[in-house]
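Okay, structure first, notes after.
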Amino acid sequence: MSAPTAATRDAVYRRDARRCAACGVMVLTFQHRRAVGMGGSKNVPSPVDGLSLCGTCNAGCEGAMQAQALRYGWKVRRWVTHPERVPVFYPLEMSWFRLEGTARVRISHSVAMEMGCSVYGAEWLYWHEAIA
Ligand SMILES: [Zn+2]
């Protein structure tokens, strides 16, 4: 995964209302939902691979916020080949969305649980404390 094109970056920022999806500040960076390969993969990220986050939250996704980032779909496991199948939670709106091209579509909590579960199985339910 390499850097996004300027058009993709702008589409992601526009989709996310030009705010950090996690904390709402308006100074943005492009969060790669899929890990950027150490080998410098040639895959160029698409809008569903990206999320608007500020620098602090972007760095946090690789550190202290990692569990939350996976739970909220801000980050996906490396093996996830279709990141659009993992829903994204926007805490400022208290809502789940599925990413679709350059758009996002609000979905219910139960649909988000079904989507996440179809990708991650029981691990997703565990993250969301839907199972003990
Ligand atoms: Zn932030």
Exercise for the section: Scan around residue 72 for amide H atoms under 5 Å from its own, H built in the peptide plane at 1.01 Å from N, and keep only partners 5 or more places away or cross-chain. Expected result: none
Exercise for the section: Enumerate the calculated ³J(HN,Hα) couplings along the range 45-60 in order (Karplus 6.51 cos²θ - 1.76 cosθ + 1.60, θ = phi - 60°), each rounded to whole Hz, writing x wherever the residue is Gly or Pro. Expected result: x, 9, x, 6, 7, x, 8, 7, 9, 6, x, 5, 5, 4, 5, x
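Given a 1.4 Å probe, how much area per residue of the range 48-132 is accessible, in Å²? Working shown, then result.
Details: 4250 Å² over 85 residues.
Per-residue value: 50 Å².
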Problem - Degrees, to the nearest 10: 109-120 long Cα axis against longest axis of the chain - result: 80
Fill in the blank from the handout: Note: residue 125 to residue 81 extended length (0.36 nm per residue) minus current alpha-carbon separation gives 13.8 nm
Completion exercise
For the residue 93, residue 10 Cβ pair and Förster radius 22 Å, calculated FRET efficiency rounded to 0.05 is 0.55
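Gain in length, residue 109 to residue 56, computed as 0.36 nm per residue apart minus the alpha-carbon separation, to one decimal in nm?
On the way: separation 53, 0.36 × 53 = 19.08 nm, distance 2.70 nm.
Gain in length upon complete extension: 16.4 nm.
Beyond 19 Å, what share of the Cα-Cα pairs of the chain remains, rounded to the nearest whole percent? Intermediate results must be reported in sequence, preceding the final value.
Working: 3851 of 8646 pairs.
Of the Cα pairs, 45 percent sit more than 19 Å apart.
The values are calculated or read from the model by the stated rules, or taken from the named source; none is laboratory data. Quick caveat: nothing in here was measured; it's all calculated off a predicted structure. Cβ coordinates were reconstructed from backbone atoms using ideal geometry, including for glycine residues, and neighbour counts include every protein chain displayed. With ligands, DNA and RNA removed, areas are computed over all heavy atoms of the protein, side chains included. Shrake-Rupley method; radii C 1.70, N 1.55, O 1.52, S 1.80 Å.
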